[in-house]
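Encoded as structure tokens, the structure appears first; notes follow it.
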Amino acid sequence: MSDNQETIAILGGTGDLGTGLAIRWAKAGHKIVIGSRTLDKAQNAVTELQKISPDTQAQAMINQDAAHAGNIVVLTVPFAHQLSTLESVKTALNGKILIDVTVPLVPPAVGKVQLPEGGSAGKRAQDLLGEEVMVVTAFQNIAAHLLQQDVKIECDVLVAGNKKIARDKVIELAGQAGMAGWHAGPIENSAAAEALTSILIQINRRHNISHSGIKIIGQSDD
Ligand SMILES: NC(=O)c1ccc[n+]([C@@H]2O[C@H](COP(=O)([O-])OP(=O)(O)OC[C@H]3O[C@@H](n4cnc5c(N)ncnc54)[C@H](OP(=O)(O)O)[C@@H]3O)[C@@H](O)[C@H]2O)c1
């Protein structure tokens, strides 16, 4: 159980990745707000979440209300709807951490790196929202259905963003969800984590494995 309980609003939290993060952060003791374009869909997702984690304090809201309610906001919608969703909640985000998990995959060639204009999904979110919002990108290399299962995840999380204090918080949240998070530097560096997803897709295909991931290794200087 976390000592510092957060209210985490997950926009598009009815989807695969949002559900996985909600399950893990609910189990860690955080309050969860599931955001959706429709209240009905959010309510169904909360019902499902409470079946898995009965003690969860979870609320259902439309995305705009969820963004106001959360002290940390997470964006989990497909790349094609990243900017329009952020536009619709922009005024609620000032002074907050926005965790953006968006991977700019462009079907059908999802195994090919196709970063957007601006350099990365994370950078264009930060450019849209301005420096009043602490955009941090993370979890791009983690499979949603692993998050949804009670399994150990053997993949680290690269955490990029311009403010160290915000990256520290997301690394803490990654740890509470069962993964090691690493400082990956400013928001421009999100490009590397986003691009890596297409490489992991290629590795899964060509080596006939599932859920390839990355581990950061090194020697302590102490
Ligand atoms: N799936 C993975 O394994 C995985 C792994 C790493 C990163 N990611 C990233 O995580 C994000 C979400 O992936 P996902 O697989 O969870 O996606 P998803 O299940 O396909 O969609 C997530 C949610 O996005 C919302 N949405 C759909 N169309 C929308 C629109 N036109 N405008 C606004 N919201 C819309 C829906 O919520 P409502 O209908 O309730 O509004 C939906 O439940 C993506 O950016 C993806 O690149 C995914």
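The values are calculated or read from the model by the stated rules, or taken from the named source; none is laboratory data. Predicted model only: the values in this text are computed from it and were never measured. We place every Cβ from the backbone using ideal geometry, glycine too, and count neighbours over all the protein chains shown. Areas reflect the complete protein model, heavy atoms only, side chains present, ligands, DNA and RNA absent. Shrake-Rupley method; radii C 1.70, N 1.55, O 1.52, S 1.80 Å.
So here's what we get for this one:
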read-out: For segment 7-206, convex hull volume per residue from C-alpha positions, Å³; value: 105
read-out: Highest-first arrangement of 206-212, 195-201, where packing means the average Cβ count within 10 Å; value: 195-201, 206-212
read-out: Protein accessible area in the chain, 1.4 Å probe - carbon and sulfur %; value: 52
read-out: Ranking by accessible area, most exposed first, for K96, K112, K163, K152 with a 1.4 Å probe; value: K152, K112, K163, K96
read-out: Per residue value of the accessible surface for segment 4-130 (all protein chains in place, 1.4 Å probe), Å²; value: 43
read-out: In nm, spacing of pseudo-spin labels at N204 and D222 (7 Å Cα→C-beta vector); value: 3.6
read-out: Protection proxy ranking of 32-38, 62-68, 104-110 - average other beta-carbon atoms within 10 Å, highest first; value: 32-38, 62-68, 104-110
